[in-house]
Amino acid sequence: MQPKGEPLYSSAATGTPTTRPPTRIDELSAEERAVYSTLKPEGLPRHVAIIMDGNGRWAGRRSLKRFLGHQQGAKTVQFVTETAARIGLPWLTLYAFSLENNLRRPRAEVSFLMRLLKTYLDDNLERMMKNNIRLCSIGRTHDLPPDVQERMRAAEEATSQNTGTTLTLALNYGARSELVDAFRKLAEEVKHKHLSPEQIGEEDIHRHLYTAHMPDPDLLIRTSGELRVSNFLLWQIAYTEIFVTERFWPDFRGIHLLEAIADFQRRERRYGGIGESCGEVEEDPERMKVAVS
């Protein structure tokens, strides 16, 4: 069932219907309202994904321990999520903990990140309820510590009836592992339904992804200035607009989310087609000539 909000509308790329949650613009700060006033409400993205990068470097620039950067980054999550909820953003997906983080970071740091996640869930559940935020997760969460899984399930259940922004945390997530998991499920389906290879289309892969229940991101934000997607939502960002900021994640705030959306609205999305600024189109193929030197 779709939550109550603004009327349904569809993605230009996929046709996925989405309901815009109610807005609470009066709760934005004065600075945020100034940026929001420049936006076209009808042109807001449905789904924003963020690669939250730079916690360690934020701490290093201040001669602090890395864990303090992670703590500040956790606070930023709630600041940004609440701004997203106030402007009626339907979907916000945050790359919180990658599969590579789990495998390659020092065990002490991974253990701290798990404790920090539990603390975030405990400390912010009431705020999520107040802001009508629904919490979800994607990734190989079954490999996380049992107590973390329990806290996530409890928070997801507690917020399941909320009708505002859906905050999705990518935990123990990797896009390649997501595709492996999707292909395994698809292979089982092919086996049981006796499908031929010619019958398999993109939609069959899509519905086995972790994100099958949500539209693809319209906008991907990466903090800290790195120019890579770091194995995040590789299938889903095929036509996503990318916005990179030099700002480290602990310094990112709701106003910076709005500024990224403002930049997004200045772009022309073509999905492989021809835009208004791409030159005059010749409609008669007979008049087209190939110039050779």
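We did not get these values from a lab; they are worked out from the coordinates using the rules stated. Quick caveat, the model's predicted, so the values are computed rather than measured. As a convention, Cβ positions derive from the backbone with ideal geometry for all residues, glycine included, and neighbour counts pool all protein chains shown.
A single entry from L179, L125, L167, L171 fulfils the requirement of being crowded, with 22+ Cβ neighbours inside 10 Å, hydrophobic (A, V, I, L, M, F, W, C) and farther than 16 Å from N102 by Cβ: L167.
Hey, which of the helices (runs of 4 or more DSSP H) in region 11-110, taking only ones fully inside, have at least 3 residues that are among the hydroxyl-bearing types (S, T, Y) and over 30 Å from E202 (Cα atoms)? Show your work before the answer.
Numbers: elements: 30-36, 55-61, 66-86, 99-104.
Here the list reads 66-86.
Residues in region 47-94 that are farther than 21 Å from G164 by Cβ and charged (D, E, K, R): 6 in all.
Okay, residues lined up against (1) of a type in the set (A, V, I, L, M); (2) within 29 Å of E27 (Cα to Cα):
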{"position": "M114", "(1), (2)": "yes, no"}
{"position": "T119", "(1), (2)": "no, yes"}
{"position": "K130", "(1), (2)": "no, yes"}
{"position": "R153", "(1), (2)": "no, no"}
{"position": "T163", "(1), (2)": "no, yes"}
{"position": "L171", "(1), (2)": "yes, no"}
{"position": "G174", "(1), (2)": "no, no"}
{"position": "E178", "(1), (2)": "no, no"}
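Scanning region 199-222 for residues that are crowded, with 20+ Cβ neighbours inside 10 Å and within 18 Å of G174 (Cα to Cα) gives L209, Y210, T211, M214, D216, P217, L220, I221, R222.
Can you pull out the residues in region 182-198 that are exposed (fewer than 10 other Cβ atoms within 10 Å of the Cβ) and in a helix (DSSP H, G or I)?
From region 182-198, those exposed (fewer than 10 other Cβ atoms within 10 Å of the Cβ) are 191-194, 196-198; that's our starting set.
Residues satisfying the conditions are K191, H192, K193, P197, E198.
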